[in-house]
Structure formats: structure tokens, C-alpha cells
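A short worksheet on the structure shown next.
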Amino acid sequence: MKTLIINAHPDPHAAEAATNRMVQHLVARLPAGSTEIVNLAEADIQPLDKDMLDAIVHTVFQRQQPDSGQRALLARSGEVIAQVKSAPRLVIAYPLYNLGIPARLKDWLDNIVMAGQTFQYDESGTPKGLMGAHKVLLLQASGSVYSTGPMAQMEFSVSYLQTLLGGLLGFASVDAVRAEGTALPAGPEAAVQRALAGIDARLEGFLAD
């Protein structure tokens, strides 16, 4: 079973970064050759800019033929979508920056949210996800603790990703493991070790059909 790992850390080669340590721990526990890693810092990801938005509106909603430039933009997005569809398991690893996801991850997500590809509208205009055979595991690293306590109300990234991927796109499950509190007095090692144990605890269920 193929697992696609999207690493949104700005330096995917920083060995001590909590995000990267979670990724490497997971890869070591998956069957050899079953993973594909995309480091977004090194990937050519099309942002949802004016040209891309015009291409989507023109072809998807207005149902008109794209011009050559629009075809090229949609083809790039199509490659990202095909990559996601080819992997029954998706892992998204990211550091929490300013209470949100990194910009490169948002650009990547905007590529896979495509009507007719990963979701569709029914006759009433309600979106229905098309990714029900796939699962997602989120690996989040943060300096403070946001899952519980007084700062929980400030963190929206996990709920956003669960709503987008599970609600809109229909992924069967969107679970999360957090390496949180890496900047607290206890130090990053304790936070990372808790996260690695969390990965181990969830792995069997994540890989199960």
C-alpha cells in the first residue's frame, strides 16, 4: 500500500526539526519502497493566483475549453491530484506557524481541491467528497501546547485540515499526532518522543483497510 508523505517544513533536511523527525520515524516503520515523499520547499507548486483561478472558473464552472496557458496550469494541478489519488494513505507533516499552516502547504492543498476530481456538487449544490477510500494522518509540530489548555482556542490548523480533507473531500479519516511544546522548559526531546509514540500507536489503524 502506497503512502504519500507531504512534508511542509521549510528545511526538510534539518535533522533535528520535530517535523522531520516525525517523518523519518514514520518512514522507518513503513514497508520499504511503499512511501513517496514530497518536500514542498523543493517542489514546483502552482499557487491559486489570478491565472489559476481564471482557468478553474473558465473550464470547471463555465465549461468552456481552456486556452494553452490554462491547459498547462490545469495539467500541473492534475499531476498533484493524480499523485494523491494514487496513494491510499496520505501523511501531511507541518510545523505550526503563527497559528496556521505554512503557505506552501496551503498552495498544495489548493491544487487538490478540484470539483469533479476530489469532490463534486450534487443537484442541490452541496459538495460531496470523492476520496472515501483514502486516509490521512497529520503530523504537527508546535512550540507551545495547543491541543488542550488555555491556548487550544488559538489553534485552527487541525480542525481546518480535518474539515477540508474529511468534510469537503471525503477522506475516510483524518487523524492527528502532535509534537507540541517543543519550546517549553521540558525541551523538544520530550515533545518529540511523545509524538513518536503517538505515531506508533496509530500506525496499525492508519494502514488498515
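The values are calculated or read from the model by the stated rules, or taken from the named source; none is laboratory data. All values derive from a computational prediction rather than experimental measurement. Note that each Cβ is placed from the backbone with ideal geometry, even for glycine, and that neighbours are counted across all protein chains shown. Calculation scope for accessible area: heavy atoms of the full protein, side chains included, ligands and nucleic acids excluded. Shrake-Rupley method; radii C 1.70, N 1.55, O 1.52, S 1.80 Å.
Here are the numbers:
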| item | result |
| --- | --- |
| Some residue of segment 104-125 being closer than 23 Å to ALA41 by Cβ, within 12 Å of the chain's Cα centre (by Cα) and free of Cβ contacts under 8 Å to residues at least 24 places away in the same chain | yes |
| Residues satisfying the stated conditions in segment 152-168, i.e. under 20 Å from GLU180 (Cβ atoms) and crowded, with 18+ Cβ neighbours inside 10 Å | GLU155, SER157, VAL158, LEU161 |
| ASP200 charged (D, E, K, R), at pLDDT 95 or above, in contact with a helix residue (DSSP H, G or I) (Cβ under 9 Å, 6 or more places away or on another chain) and open to solvent by 60 Å² or more (accessible area, probe 1.4 Å) | yes |
| Among the candidates ALA55, ALA17, residue that is open to solvent by less than 80 Å² (accessible area, probe 1.4 Å), at pLDDT 95 or above, within 23 Å of GLY198 (Cβ to Cβ) and of a type in the set (Gly, Ala, Ser) | ALA17 |
| Output for segment 30-52, where each listed residue is more than 23 Å from MET114 (Cα to Cα), open to solvent by less than 40 Å² (accessible area, probe 1.4 Å) and of a type in the set (Gly, Ala, Ser) | SER34 |
| In segment 42-85, the residues that are part of a helix (DSSP H, G or I) and charged (D, E, K, R) | GLU42, LYS50, ASP51, ASP54, ARG71, ARG76, GLU79, LYS85 |
| Residue check, ALA141 in a loop (DSSP other than H, G, I, E, B), under 25 Å from VAL23 (Cα atoms), of a type in the set (A, V, I, L, M, F, W, C) and open to solvent by less than 20 Å² (accessible area, probe 1.4 Å) | no |
| Tally, over segment 185-197, of residues that are hydrophobic (A, V, I, L, M, F, W, C), open to solvent by 10 Å² or more (accessible area, probe 1.4 Å) and modelled with pLDDT of 95 or more | 3 |
| Residues of segment 126-161 satisfying the condition of being touching a residue at least 60 places away in the same chain (Cβ under 8 Å) and small (Gly, Ala, Ser) | ALA141, SER157 |
| Selection from segment 175-195 of residues that are small (Gly, Ala, Ser), assigned to a helix (DSSP H, G or I) and under 22 Å from the mean Cα position of the chain (by Cα) | ALA191, ALA195 |
